[in-house]
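Trainee: There's a structure below that I have some questions on.
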Amino acid sequence: KDLLSYLDTRKSVELGEIAELIRPLFIERDSKGSELREAMISDINYLGLLEEPAKKTLVKEGFITRATPTFIKKGDLLISIKGTIGKVALVTKELKETIPGPSLCILLIHDQSRFTPESLLLYLRSSFGQQIISSATQGTTIPFLPVKSIRSMKIIIPTLEEQKVVKRGSKKSEELFSSISEMQMKLDQLINDGWLQIEDKSIKTSQGG
């Protein structure tokens, strides 16, 4: 009730008015076919960015041509629609012939005068946006987001001040992610170096050195 009351006080639009929803195709696999990359929910990191998809899929002849309109491009948003609901990601770099997996849809923003991919990403990933997504979710055993519900989700039009806050928050998030990634690499290196030292000592001991 609080959510609906707040929505009534703000100017908003339906998601379908500002973005085109591109659904994943049923993948026609072929063990001897052409190769595509397939983006999965697990490729979305905790900052809401799509990392390099690791899964490679071999598909039947002709499928690539049909799948071209669903190729993921830089600037697209992805939203999970089945199983793990509410994961949203921004594509920050060009990907080679990559399609969304069966649990992901592409959101292609066509009204960037009011919404940038970054601002919509932060909106949908916020606790408020997640409540809206949760309220549109159906199913118990396997939760899913109906396409109709996605298109009708209310998106608050941000004020100029809110847009500035979004830009600052987006930049800060990137800086923090860069720092965290660097620290993770250093931690991994320390762990690997420590293990190699232990292993080296064990080998010398077993050889009587």
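Trainee: Just the number, please: carbon plus sulfur as a percent of the accessible area of the chain, 1.4 Å probe, no ligands or DNA/RNA counted.
Mentor: Within the chain, the accessible surface is 55 percent carbon and sulfur.
Trainee: Would you calculate a helix-derived [θ] at 222 nm for the chain, using -39,500 (n - 2.57) for each DSSP H run of n ≥ 4 and dividing by the full residue count, to the nearest 500? Please list the in-between numbers first.
Mentor: Working: 7 runs with 88 residues, N = 209.
Mean residue ellipticity, 222 nm, calculated: -13000 deg cm²/dmol.
Trainee: For Met153, list long-range residues whose amide hydrogen, built 1.01 Å from N in the peptide plane, is under 5 Å from its own amide hydrogen.
Mentor: For Met153, the qualifying residues are Leu15, Gly16.
Trainee: Once each part is reduced to its C-alpha centroid, what is the distance from segment 26-96 to segment 120-155 in angstrom?
Mentor: Here the two parts' Cα centres lie 20 Å apart.
Trainee: On to the next question. Take every Cα pair under 8 Å in the chain that's 6+ residues apart, average their separations, divide by the length, and report that relative contact order as a whole percent.
Mentor: Here the relative contact order equals 23 percent.
Trainee: How big is the C-alpha Rg of segment 68-147 next to the rule-of-thumb value 2.2 N^0.38 Å, as a ratio?
Mentor: On the way: Rg = 13.0 Å, N = 80, 2.2 N^0.38 = 11.6 Å.
Here the Cα radius of gyration is 1.12 times the empirical estimate.
Trainee: What translational D, rounded to a whole number of µm²/s, comes out for segment 86-125 from Stokes-Einstein when the hydrodynamic radius is the Kirkwood one over Cα pairs, at 37 °C and 0.692 mPa s?
Mentor: Numbers: Rh = 11.6 Å.
D, rounded to a whole number, is 283 µm²/s.
Trainee: What ranking, highest mean first, results for peptides 97-108, 58-69, 11-22 when packing means the other Cβ atoms within 10 Å averaged over each residue?
Mentor: Result, highest mean Cβ count within 10 Å first: 97-108, 11-22, 58-69.
Trainee: Could you compute Rg(Cα) / (2.2 N^0.38 Å) for the chain, with N its residue count? Write down the numbers at each step before the final one.
Mentor: Numbers: Rg = 21.5 Å, N = 209, 2.2 N^0.38 = 16.8 Å.
The value comes to 1.28.
Trainee: Starting from the amide H of Leu104, placed 1.01 Å from N in the peptide plane, find each other amide H under 5 Å away whose residue is 5 or more places distant or on another chain.
Mentor: So Leu104 has HN proximity to Ile81.
Trainee: Which of the DSSP-defined H helices in the chain satisfy a minimum axial length of 18 Å, computed from C-alpha atoms, and a minimum mean Kyte-Doolittle hydropathy of -1.0?
Mentor: On the way: long enough: 160-206 (69 Å, -0.78).
Span-like helices in the chain: 160-206.
Trainee: To check you understand DSSP bridge types, tell me what percent of the beta bridges within segment 26-113 (both residues inside) are antiparallel, rounded to 5.
Mentor: On the way: 14 of 18 bridges.
Of those bridges, close to 80 percent are antiparallel.
The values are calculated or read from the model by the stated rules, or taken from the named source; none is laboratory data. Because the structure is a prediction, the values reported are computed rather than measured. All Cβ positions, glycine included, derive from the backbone under ideal geometry; neighbour counts span all protein chains shown. When the accessible area is computed, the model is the full protein with side chains, heavy atoms only, and any ligands, DNA or RNA have been set aside. Shrake-Rupley method; radii C 1.70, N 1.55, O 1.52, S 1.80 Å.
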